[in-house]
Amino acid sequence: MQRTKGTRRIYVLAYISYIVFFSTLFSVIGVYVYGAIVSRDLSSLREQLVVEKQRFSIEDIDNIEQLHNRLAAAEELLNHSSAPSRIFDDVEAIVASNIYFSGMQYKHLPNNQFQVDLIGQADNFTEIISQRNLLGNSSLLRDAKVVEYDYSVGEGENANNLLGLATLSFVFSDTRDISSIAYMPEEAIVNTQSEVETENVVIVDSATSTTETVDSSDTDSEESSTATSTEVIQ
Amino acid sequence: MRFQLGIQITLLVVALIIAFSVVKPKIDSISIDQNEVAGYKAAIENIGRYNQHLQTLVNQANALSSYDRSVLERYLPKEIDATLVASDISNIVSRNRLLLLDIVPGEVLPVTVYSADGQVVETSAYDPNTGALMSDGSFGGQGDSLMVQQFEVEVVGTYEQMKAMLSDLERNAYPLKIVEFEFELEEVNASLVQYSLLLETYALPAN
């Protein structure tokens, strides 16, 4: 009875040891096979990546990048363009007859705004107030304020002359966003006219190259058309 | 009995040695390879997307005619030719029958970036990745430098001539931005007036 019990214990251990040993051997084989598959996949993916990378040359990418940058920069410049000449039309429409504007200062401010100072002269404060009220009708300078004034009396022989020689200098100032005077194509502003279109072409040519305008035999005719169109605008 | 027990113990020990000296390192190696595979798959997916985007850009670039490209190059050149710009300004002035008194080119500088409250943030720039050039109304980002050159100009002419000149400057083939403009009549009803202008033009140098 004792021998039988001892033999059984040895068999159980034998099974376990054989199972563990051969399992280990099979797992070695399996692991190496799986490793080979993964390595093959890795190589394949590396090759695929190289092929994808070679689809476009670095030069192509640089060219596209530069063109993209240039287009984006040009678009931004266009979007932030300004046309200060639009201010004049606006001011001309609301100048009182008894006010004399003698100067102007326009400044493009760094924070994408502009400041306009209109320097004028009047005989008395009532005229300035009247002009300020008129500026309220302006689309661009309706918020303009009198930022300074200088009342001076000229020299005269008597009190009556003194009254007549009094002058009042003043400065209207306004700060607005640059988008309010954004550049608009000529066709959108003026209803017109072949002369204006001709002038456009001349200006573009002149900006393109000096030699083009100098060498061209049509220079004189271009200049004359410019002059004509300027007169038309006037 | 003892001999068989010895073999069994030996087999277990050998199995353990194999497991720790061969199987485990190999599994670690496979794990690294698998991570690499995942990385490469992601890279290929990304490069596929980038290539698709790049192909779209290439198609767009190819669709741009040579005339359009020349217009773009003229509008935003790689460098500022101060002599040519001065010549163009002179042409515009003379075409409007004003008298050019003086024209002084400034230095070519990177565009200065300003915050909304007007403080200097940094000099220049353009971010090629985001495409953002101006934030809060200023040039912003980093990368390619947008260059600027200013020209101080003094002219004499009538009010109407001056207005026509400004219009021509504004619609020039490349930006001649009017940064400052000033005039003051010395005499009442004077027909000829002296005007001071500060103009700006831009360039985007190639890398």
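Some values worked out for this structure:
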item: Per-residue average of Cβ from other chains inside 10 Å of B:67-74; result: 2
item: Entries in B:Lys78/B:Lys177; A:Lys145/B:Lys177; A:Lys145/B:Lys163; A:Lys107/A:Lys145; A:Lys53/B:Lys41 that, when Cα-Cα distance is taken, lie over 21 Å; result: A:Lys145/B:Lys177; A:Lys145/B:Lys163
item: Check: the stretch B:1-63 dipole with +1 on Lys, Arg Cβ and -1 on Asp, Glu Cβ, in debye; result: 240 debye
item: Extended-chain gain in nm, criterion 0.36 nm per residue less alpha-carbon gap, A:Asp123 and A:Leu78; result: 11.9 nm
item: Distance between modelled label sites at A:Val12 and B:Val188, nm, 7 Å Cα→Cβ extension; result: 12.8 nm
item: Near-label residues of the stretch A:52-85 by backbone N, under 20 Å of a point 7 Å along Cα→Cβ of B:Gln60; result: A:56-80
item: Sorted by Cβ neighbour density within 10 Å, fewest at the top, the residues A:Met184, B:Met162; result: A:Met184, B:Met162
item: Convex hull volume per residue for the stretch A:90-181, taking Cα atoms only, in Å³; result: 89 Å³
item: Relative contact order computed over the stretch A:90-181 (Cα-Cα under 8 Å; 6+ residues apart), in percent; result: 34 percent
item: Neighbour-count ranking [beta-carbon atoms within 10 angstrom, fewest first] of B:Arg74, B:Arg2; result: B:Arg2, B:Arg74
item: Between the stretch B:146-160 and the stretch A:45-109, the Cα center-to-center distance that results, in Å; result: 19 Å
item: Summed residue charge, Cβ within 14 Å of A:Ser97's Cβ, Lys/Arg positive, Asp/Glu negative; result: -3
item: Theoretical FRET efficiency, 1/(1+(r/R0)^6), r = Cβ-Cβ of B:Gln4 and A:Gln48, R0 45 Å, to 0.05; result: 0.25
item: Sequence-distant residues sharing a close amide H with A:Ser81 (under 5 Å, placed H); result: A:Tyr183
item: Nitroxide proxy distance, nm - points 7 Å out along Cα→Cβ at B:Asn46 and A:Asp177; result: 3.8 nm
item: Sequence of B:Glu187, B:Glu73 once ranked by neighbouring C-beta atoms within 10 Å, starting from the fewest; result: B:Glu187, B:Glu73
item: Whole-Hz couplings from phi, Karplus 6.51/-1.76/1.60, listed for the stretch A:95-101; x for Gly and Pro; result: 7, 6, 5, 8, 10, 10, 8
item: Nonlocal amide H pairs with B:Val179, under 5 Å, H built at 1.01 Å; result: B:Leu198, B:Leu199, B:Glu200
item: Per-residue average of Cβ from other chains inside 10 Å of B:26-37; result: 4
item: Other protein chain Cβ atoms within 10 Å, averaged over every residue that makes up A:105-117; result: 5
item: B:Ile17 paired with A:Ser152, simple spin-label distance in nm, labels 7 Å along Cα-to-beta-carbon; result: 11.2 nm
item: Rg followed by Dmax, in Å, when the stretch A:1-128 is reduced to its Cα trace; result: 44.5, 140
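None of the figures in this text is laboratory data; all of them are computed from the coordinates on show. Because the structure is a prediction, the values reported are computed rather than measured. All Cβ positions, glycine included, derive from the backbone under ideal geometry; neighbour counts span all protein chains shown.
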